[in-house]
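Only the coordinates and a few stated rules stand behind these numbers; no lab work does. As the structure is a prediction and not an experimental result, all values here were calculated from the model. Counting neighbours? That spans all protein chains shown, and the Cβs are built from the backbone with ideal geometry, glycine included.
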Amino acid sequence: MSAKNGSIKLVAGNSNPALALEIANWLRLPLTKAVVRRFADMEIFVQIQENVRGSDVFIIQSTSFPANDHLMELLIITDALRRASARRITAVVPYFGYARQDRKVGSRSPISAKLVANLISRAGVDRVMTLDLHAEQIQGFFDIPTDNLYASPVMVRDIKESSDLTSVMVVSPDVGGVARARGLAKRINAPLAIIDKRRERAGESEVMNVIGDVAGYTCILVDDIVDSGGTLVNAADALIANGAKDVYAYISHGVLSGGAAARIASSKLKELVITDSILPTEAVTKAANIRTLSIAPLIAEAISRTASEESVSSLFD
Ligand code: R5P
């Protein structure tokens, strides 16, 4: 791997050590020795234990649960690196927490995704690399280069290996996710259906209208985030009620908070496939119908290309 901005250093926060190590292995680089620990009052303390002067440093840290702690770690690691004279700092944030708060949802509410982008920039980051941002426009919240990677090549490979594509239909679980689902459907040459959720009257439960004839198809739900699992479980119910043969889901970020893993396990979903952008909990690892695909090779390749000033977008051509 050639480097154009000084020697390459990888620094891992505590959010996903397994992913950081796998990325390091793909790049055949060691993780930079660093201490990221707590004082008794839970303040975060960071010390980079190697010389990084003049280096091209990549910090690997998802701002996943506990989001505020992991965000703060990212900011403090950045500060430590900047004060240690790193030449360039890239925040590699596979899961960008707070992304769903990307607009004012009502009077006197914040745009927290913009605030988080400001914090990361002001801490001293030069570039950001992330994966399947909740909304592409969030790139515009940063005034520094931002590469949004896509898990779709990894998902497409897996779908091609495990499904009979002649009877597959890709489904967006809501109207907001149509562009993402359409992109994947195009890559596997499959038809597309959409679930339109409507609440006809206040106080009445949401009605799921399936747009498209899914009868007899193996349906693949595609989304960026599975959090409580409610969206997927309801979508799977609606698809089965409309005659779908089986329902699978491919989701980039397995937030899977609270009892989500159990909810998915007892749902009509045959399998939920997520990436390891977020460290899976024990409940997720043990769930019989949840499988994880590694995003490490893709991120490693993007880091390598960034370091050698090669195109990153051509990874997705
Ligand atoms: C929302 O816009 C996202 O794309 C996901 O559909 C949502 O975050 C899923 O949440 P849950 O699993 O809690 O239904």
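Computed about its Cα centre, the charge dipole of the chain is approximately 500 debye, with only Lys, Arg, Asp and Glu carrying charge at their Cβ. Computing Rg and the Kirkwood Rh from the Cα coordinates of the stretch 122-217 gives a ratio, Rg/Rh, of 1.10. Placing +1 on the Cβ of every Lys and Arg and -1 on the Cβ of every Asp and Glu, with nothing else charged, gives the stretch 152-293 a dipole about its Cα centre of roughly 180 debye. Across the alpha-carbon atoms of the stretch 1-139, the computed radius of gyration and Dmax are 15.2, 50 angstrom. Take the Cα coordinates of the stretch 81-124, assign each an equal point scatterer, and use the Debye formula without solvent to give log10 I(q)/I(0) at q = 0.17, 0.18 Å⁻¹. For the stretch 81-124, the Cα-only Debye profile gives -0.58, -0.63. Where the alpha-carbon atoms of the chain are placed on the principal axes, they occupy 61, 44, 36 Å, in descending order. The simple spin-label model puts a point 7 Å past each Cα toward its Cβ; for Val35 and Ser294 those points are separated by 3.1 nm.
Once the Kirkwood radius over Cα pairs is known for the stretch 58-175, the Stokes-Einstein relation at 20 °C and 1.002 mPa s delivers a diffusion coefficient of 134 µm²/s.
Here r is the Cβ-Cβ distance between Asn189 and Asp237 and R0 is 35 Å; the resulting FRET efficiency, rounded to 0.05, is 0.80. Per residue, the convex hull around the alpha carbon atoms of the stretch 219-317 comes to 102 Å³. Along its three principal directions, the equivalent ellipsoid of the stretch 152-293 from the Cα gyration tensor extends over semi-axes of 21, 20, 13 Å, largest first. Computed over every Cα-Cα pair of the stretch 222-269 and binned at 10 Å starting from 0, the pair-distance distribution P(r) comes out as 29, 57, 14, 0 percent. If every alpha-carbon in the stretch 1-57 counts as one equal scatterer, what log10 I(q)/I(0) does Debye give at q = 0.18 1/Å? Summing over Cα pairs of the stretch 1-57 leads to -0.69.
For the chain, the number of Lys pairs separated by eight or more positions or lying on different chains, with C-alpha atoms closer than 27 Å, is 21.
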